[in-house]
Amino acid sequence: MKFYRSHVLVSIDPASVAKGVHELIDALQDELVTQGLIGEVQVLETSQISEHPEGLEMVVYPEGVHYTGIQIDDVPYLVEEHFLKGRVVKRFLAKETKPSDEELGPPKSKEVRVVLRNCGQIDPENIEDYIIEDGYQALGKVLSEMTPEQVIEEVITSGLRGRGGAGFSTGRKWQFAKSAPGDVKYLICNADEGDPGAFMNRRVLESDPHSVIEGMVIAAYAIGCNQGYVYCRAEYPLAVKRLNTAIKQARAIGLFGNNILGSDFSFDLEVRIGAGAFVCGEETALMASIEGRRGEPRPRPPFPAIQGLWGKPTNINNVETYANIPQIISRGAAWFASMGTEKSKGTKTFAIAGDVNNTGLIEVPLGITLREVIYDVGGGIKNNKNFKAVQTGGPMGGCLPAQYLDMPVDYESLMSAGSIMGSGGMIVMDEDTCMVDIARFFMDFTQDESCGKCTPCRVGTRRILEILERICEGEGRESDIETLEMLCRQIKTTSLCGLGQGAPNPVESTLKHFRSEYEAHIREKRCPSKVCRKLIHYNIVDACTGCLVCARNCPVNAITGERRQLHVIDAELCIRCGICEQVCNFNAVEVWS
Amino acid sequence: MITNIKNGLDVSTVVQAAVSQHGATHEDLIPILLSVNEQLGYLPTEALSEISHSLRLAHSEIMAVASFYRMLSTEPRGKHVIQFCESAPCHVMGGRQVLRALQEELNLEPGQTSADGQWTLLEISCPGICGVGPVMMIDEDVYGNLVPERLSEILAKYRE
């Protein structure tokens, strides 16, 4: 192989072709010949370098110098300065741009990226990019060196638990499916990420689809499946497209189909798209949907490992679970188990949303405290407000107040605090959030998404919602809290699937930790956070200069007053839209409750 | 009442194309319904009957599936479908004020289609772009970081 002291990577994409990048490359080659450097400097083509380049651009290695905005006339000067004299040409240096990725910035302190390691680093539509990052090495190792039993043993030893939320040991799950009687077995990847605020699976599928596919092929080999499905929600069109591209490319080089990598193992994979039903994230409902039926869950047992898709033994894991597998195989179970706590190993991705400074996707070792997640990684509460609660685990999770901030984030701790890990949604709320309103909000979601098959979930969630709506409107009754607690208990214990069983969690946890807010709403008809419209009123205080702006903007003409005189809001007419407060330049409109 | 089928397409042709693309077994039902819904704008009764015939499945079975999933509609929808995310992350970022303003602007409640057939307003489950909440989608276009003031400018793009 010929040795070059310098490599120039020139960005080639449709935009730069239009700007004459090929002419630039020719000019560069000619100039290198002229200056006698052609044997030392190699010019290569690469894909788009930066998102919004200003003109043609290139990166020079080994220095990693990024040049942009180069014209053909600049080439002789650039070659002489950089390659002959070894000086960086400052005027072409690309400006440091702020990362435009709003979801996933550079890793923050305390982050450890395992599942997200390739996200934003590789081209997800090019299998070679994944292979360069040691992709499909684990599959090669498994097929050439390991028996299915050894693979399962390795996954059990790693301590990996289901990242979809329930936290069951992945290796044990595989073992059940493997030992289930039957020749035909199916493998499913649950990519029906429906929890509001959770988008980590979408990001992995869009940015690193091969890691999920590789994990699935390894699982299929361990269990003995020849057919797999990825069930992806239709709300994620890009993820579906990238998955299909990835499968096509993997099939083209023999990573799917018969005799994978020359072994006697055969496996194929198909993508199935949901049609918008939250409950399809539940495994039995998901399988019904793949079969072309209404996505309604059925009682378990029999568990899918015994009787799943079309009645055959089936293994279902979440996107993130599969994405962990290749690295567990290539870096070893001990490496994986070195991260996390005694019972919760490895890392977990979280999508932080709500009132924190850095919203977006993070990946942290399990066992990190909520405080570290919210303040160190999340950058603290927006606008220097006070933390009030964090809701973990999506709509089936609970709201935890400040006293839990130092609790480690692991499956057991979250469960004992009345919440769940779930798929990793994390909604942070500041002091201005009304917890009764939040509980009402989550109940509105679950009662809407209840599939209606079992009565406790269908009717029970509706009854809870009605009571909460009443409380928020100032019609709460003294017995409401007891009724809510009873309903929560009954729905939890008698519902058919995880949706109903988890639905009361937001209500139960807010009743437990923020009971006084419920009491203020019910007894004093007051919303301490000043959110519930029926329980607040607007008042104009002495700071009013009588400028008439609020009166002119009031949609119901509830504000009266002469110019330069204190205005008054008629509480009877006021619809509490808050426009007066927004338009007042003197902070003279206050919300009282 | 709007009975126009999007683009004046022939129902039977659309259904048969979807069936030959996806297959004619029970497990192909949802992909077929999604294709037909996308092309026709909704699932008219004639389409359901035609699918029932092609897949040899009872009409009730087809209807059970078509009415279950949120992305499938058995009612005609407006020319532009606005899907507003009212999930928790968008809610705490001020999504409710934006939705309220949108409702006032269009004079529609979620789930309704305007009398002139221009707009359908829907609340959707989280599309997972919470980093830029509050979020809505108009047809295929996504709009993030919404504030009530931006609405009329956005809607104007779709008004003729």
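Every number here is computed from the coordinates shown, using simple stated rules; none is lab data. In this text the structure is predicted, and so the values were computed from the model without any measurement. Using ideal geometry, Cβ is built from the backbone for each residue, glycine included, and neighbour counts are taken over all protein chains shown.
Regarding B:Ala17, is this residue under 18 Å from the mean Cα position of the chain (by Cα), hydrophobic (A, V, I, L, M, F, W, C), surrounded by fewer than 18 Cβ atoms within 10 Å (Cβ to Cβ) and more than 14 Å from chain A (Cβ to nearest Cβ)? For B:Ala17, the condition - under 18 Å from the mean Cα position of the chain (by Cα), hydrophobic (A, V, I, L, M, F, W, C), surrounded by fewer than 18 Cβ atoms within 10 Å (Cβ to Cβ) and more than 14 Å from chain A (Cβ to nearest Cβ) - is not met. Listed by first and then second residue, the pairs linking a residue in the range A:363-382 that is in contact (Cβ under 8 Å) with a residue 60 or more places away in the chain to a residue that is part of a helix (DSSP H, G or I) and crowded, with 19+ Cβ neighbours inside 10 Å, with Cβ atoms under 7 Å apart and 6 or more places separating them unless they lie on different chains, are A:Val364/A:Val373; A:Val364/A:Val377. Could you look through the range B:56-78, keep only residues that are farther than 20 Å from A:Glu296 by Cβ and buried (at least 17 other Cβ atoms within 10 Å of the Cβ), and pick out the one that is nearest to the other protein chains (Cβ to nearest Cβ)? Here the answer is B:Arg77.
Name the single residue, out of those in the range B:88-104 being touching a Phe, Trp or Tyr at 6+ places or on another chain (Cβ under 7 Å) and within 8 Å of chain A (Cβ to nearest Cβ), that is surrounded by the most Cβ atoms within 10 Å (Cβ to Cβ).
We begin by selecting, within the range B:88-104, every residue touching a Phe, Trp or Tyr at 6+ places or on another chain (Cβ under 7 Å); these are B:88, B:91, B:99, B:102.
Cutting the leftovers down to within 8 Å of chain A (Cβ to nearest Cβ) gives us B:88, B:91.
Values: B:Ala88: 28, B:His91: 26.
Restricting to residues being touching a Phe, Trp or Tyr at 6+ places or on another chain (Cβ under 7 Å) and within 8 Å of chain A (Cβ to nearest Cβ), the top hit is B:Ala88.
Pairs linking a residue in the range A:133-153 that is without any contact (Cβ under 8 Å) to a residue 40 or more places away in the chain to a residue that is among the polar types (S, T, N, Q), with Cβ atoms under 6 Å and 6 or more positions apart or on different chains, are A:Glu133/A:Asn118. Within the range B:123-157, the set of residues being among the hydroxyl-bearing types (Ser, Thr, Tyr) and either more than 20 Å from A:Met200 (Cβ to Cβ) or in contact (Cβ under 8 Å) with a residue 60 or more places away in the chain (or both) comprises B:Tyr143, B:Ser152. Looking across the range B:20-38, the residues that are more than 7 Å from chain A (Cβ to nearest Cβ), out of contact with any His (no Cβ under 9 Å at 6 or more places or on another chain) and surrounded by fewer than 19 Cβ atoms within 10 Å (Cβ to Cβ) come down to B:Ser20, B:Gln21, B:His22, B:Gly23, B:Ala24, B:Thr25, B:Glu38.
Tell me yes or no: at least one residue of the range A:167-180 is away from chain B (no Cβ under 14 Å), under 28 Å from A:Lys248 (Cα atoms) and of a type in the set (Phe, Trp, Tyr). Yes; the residues of the range A:167-180 include at least one that is away from chain B (no Cβ under 14 Å), under 28 Å from A:Lys248 (Cα atoms) and of a type in the set (Phe, Trp, Tyr).
Given the criteria assigned to a helix (DSSP H, G or I) and surrounded by fewer than 16 Cβ atoms within 10 Å (Cβ to Cβ), does A:Ser109 qualify?
On the way: assigned to a helix (DSSP H, G or I): no; surrounded by fewer than 16 Cβ atoms within 10 Å (Cβ to Cβ): yes.
So A:Ser109 fails the test.
For first residues located in the range A:259-277 and within 14 Å of another protein chain (Cβ to nearest Cβ), partners that are in a strand (DSSP E or B) and hydroxyl-bearing (Ser, Thr, Tyr) and lie 6+ apart or on another chain with Cβ distances below 7 Å form the pairs A:Glu270/A:Tyr229; A:Arg272/A:Tyr229; A:Arg272/A:Tyr231; A:Gly274/A:Tyr231. Of all residues in the range A:295-307, those that are closer than 22 Å to A:Val271 by Cβ, away from every other protein chain (no Cβ under 14 Å) and in contact with a Phe, Trp or Tyr (Cβ under 7 Å, 6 or more places away or on another chain) total 0. Within the range A:434-472, which residues are polar (S, T, N, Q), surrounded by 21 or more Cβ atoms within 10 Å (Cβ to Cβ) and within 14 Å of chain B (Cβ to nearest Cβ)? Across the range A:434-472, the qualifying residues are A:Thr446, A:Ser450. Could you go through the range A:198-206 and let me know if any residue there is under 20 Å from A:Thr284 (Cα atoms) and not in a loop (DSSP other than H, G, I, E, B). Checking the range A:198-206: at least one residue is under 20 Å from A:Thr284 (Cα atoms) and not in a loop (DSSP other than H, G, I, E, B).
Scanning the range A:121-153 for residues that are part of a loop (DSSP other than H, G, I, E, B) and buried (at least 17 other Cβ atoms within 10 Å of the Cβ) turns up A:Ile122, A:Pro124, A:Gly135, A:Tyr136, A:Met146.
Can you report the number of residues in the range A:225-252 which are over 30 Å from A:Ser179 (Cβ atoms) and away from chain B (no Cβ under 11 Å)?
9
Residues of the range A:288-338 that are in contact with a Ser or Thr (Cβ under 8 Å, 6 or more places away or on another chain), more than 19 Å from A:Thr349 (Cβ to Cβ) and either among the basic types (Lys, Arg) or in a helix (DSSP H, G or I) (or both): A:Arg298, A:Arg300, A:Ala333, A:Ala334.
In this structure, B:Glu123 does not qualify as within 19 Å of A:Glu449 (Cβ to Cβ), crowded, with 21+ Cβ neighbours inside 10 Å and of a type in the set (Asp, Glu). Among all residues of the range A:196-207, there is none that is under 22 Å from A:Ser266 (Cα atoms) and buried (at least 24 other Cβ atoms within 10 Å of the Cβ). Tell me, which residue of the range A:378-395 that is touching an Asp or Glu at 6+ places or on another chain (Cβ under 6 Å) and not basic (Lys, Arg) is nearest to A:Lys512 (Cα to Cα)? The qualifying residue nearest to A:Lys512 (Cα to Cα) is A:Gly394.
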